[in-house]
Structures are given as structure tokens and as C-alpha cells.
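Reading through the C-alpha cells given below for one structure.
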Amino acid sequence: MGGTPSTNSIESLNYQLRKVSKNRGQFPSDAAAVKLLWLAICNIEDKRARQREKEKNLPASKRKAPGRLVEGAVTTNWKQALQQLALAYPERINPHL
């Protein structure tokens, strides 16, 4: 799966993001909604990356793991962002570190 994401991949991502935002209900600000969606996307991509890792030695015709959400995109400066989130929301972030 390279280049353009398939419709199924996009639909899957949209479904997962709707589920996350619907479970949360209301947001205190637009920034809070963006943070939640960003973290959800990171979580979804992490799951997909683990699936791809498990299948990396299989021939391409046998792989079923979804591709990257955004081809070629890599999260940069994640450690600094995580540190800032841990400072701002220690009760939410630190249990997961």
C-alpha cells in the first residue's frame, strides 16, 4: 500500500476519530479537541506500525497491515511534546510513561 491511501483506510481513520471524540462529549476549547485528535492519530499509527512490524518478513502479497496514515510522515520532536504534556497534565500522562 503506497502513495494514496485507500478509501477503506480513510473511512477506518474517520470512524476511529469519531469514536474518540464522541466518547469525550464536550471540549473546553478547540485546542483541547485538536490535542485529543492528535493523540488519537498517534495511537492509531502506533497500532498500525506494530501490525506492519509483525508482517515485515512476509511477502507483500500476504501482508494485511494498513499503511501509514500519511505516507512519508514521521512524528518529529515527539519526546519534547511528551515532556510538555507530562508537565501540563501529569495525572493523565505520567501513568502511561
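The values are calculated or read from the model by the stated rules, or taken from the named source; none is laboratory data. Just so it is clear, the model here is predicted, and its values are computed rather than measured. With ideal geometry, Cβ positions are generated from the backbone for all residues, glycine too; neighbour counts draw on all protein chains shown.
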**Q.** ASN23 surrounded by fewer than 11 Cβ atoms within 10 Å (Cβ to Cβ) and within 25 Å of ILE93 (Cα to Cα)
**A.** yes
Q: Specify the residue that is modelled with the highest pLDDT; the eligible residues are those in the stretch 50-74 that are part of a loop (DSSP other than H, G, I, E, B) and surrounded by 12 or more Cβ atoms within 10 Å (Cβ to Cβ).
A: ARG63
Q | Where ILE93 falls short, out of the listed (1) at pLDDT below 85; (2) surrounded by 11 or more Cβ atoms within 10 Å (Cβ to Cβ); (3) under 22 Å from THR7 (Cβ atoms) | A | (3)
Q | Condition met for ARG18 (surrounded by fewer than 15 Cβ atoms within 10 Å (Cβ to Cβ) and either touching a His at 6+ places or on another chain (Cβ under 8 Å) or not in a loop (DSSP other than H, G, I, E, B) (or both)) | A | yes
